[in-house]
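Okay, structure first, notes after.
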Amino acid sequence: MSGITSTELKLPFKRKWIWIVVIIIALFAFGLFLLPSLDYQVEQRVAASVHMIPGAELRYNDTSERSGSITMRKFIYWINSPVEQVKDYPFVSNYREDSDPNRAKSFREITPNFSYRLYFLSDLPQKELDSMLYFAPSDLRDDPFHMTSVSFYIISANWVGDKGYFINELDCEHLAGKETSGTYIVYTYRVH
């Protein structure tokens, strides 16, 4: 029994724990690098598909947390043109729609002073996209790796007036009383 001490027996045990800690730190660091790349993927998808009407002025943009783990981006533009001239502008290209015409109607609303449309940016096959849109609850609909939904609002400035109201994720406090003519163009999307 001579030659083996209790210190020598504990040495391999300490090395094992050091390796475990190193592996945990490496996995954590990899996770930290993965989240920004996800944001980058969503931002690239939106930047490639959203096209603002010439002459529109950026009035507000924000990134905010919603429901703890959901990050939303919001952009508010204003243009000195009536809503009738703005509402048919092709703001989004490369978008997809639900192939079920009854469900597709639920993703848009048009009135004389207000227009809403939900666009889906995705490279998924249509069958997978339809399945995702049918089965996923609205807050979980975005799978940032495969799809980004962009909500577009076209709102007559004289309709907004000084009202303080809330439409879906559109908080109108940034619109109220700012302009009395022209049109607001608002779009929002989930980053992660």
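Only one of the numbered conditions (1) at pLDDT below 65; (2) over 20 Å from the mean Cα position of the chain (by Cα); (3) polar (S, T, N, Q) is violated by N168, and that is (2). Selection of first residues in the range 33-57 that are closer than 18 Å to S93 by Cβ and of second residues that are in a helix (DSSP H, G or I) and modelled with pLDDT of 70 or more, restricted to Cβ pairs under 7 Å at least 6 apart or on distinct chains, gives the following pairs, ordered by first then second residue: I53/V86. Within the range 30-54, the only residue that satisfies the criterion of being in contact with a His (Cβ under 9 Å, 6 or more places away or on another chain) and either closer than 24 Å to K87 by Cα or at pLDDT 80 or above (or both) is V42.
The values are calculated or read from the model by the stated rules, or taken from the named source; none is laboratory data. What you see is a predicted model, and the numbers here were worked out from it, not measured in a lab. So basically every Cβ, Gly included, is an ideal-geometry build from the backbone, and we count neighbours across all protein chains shown.
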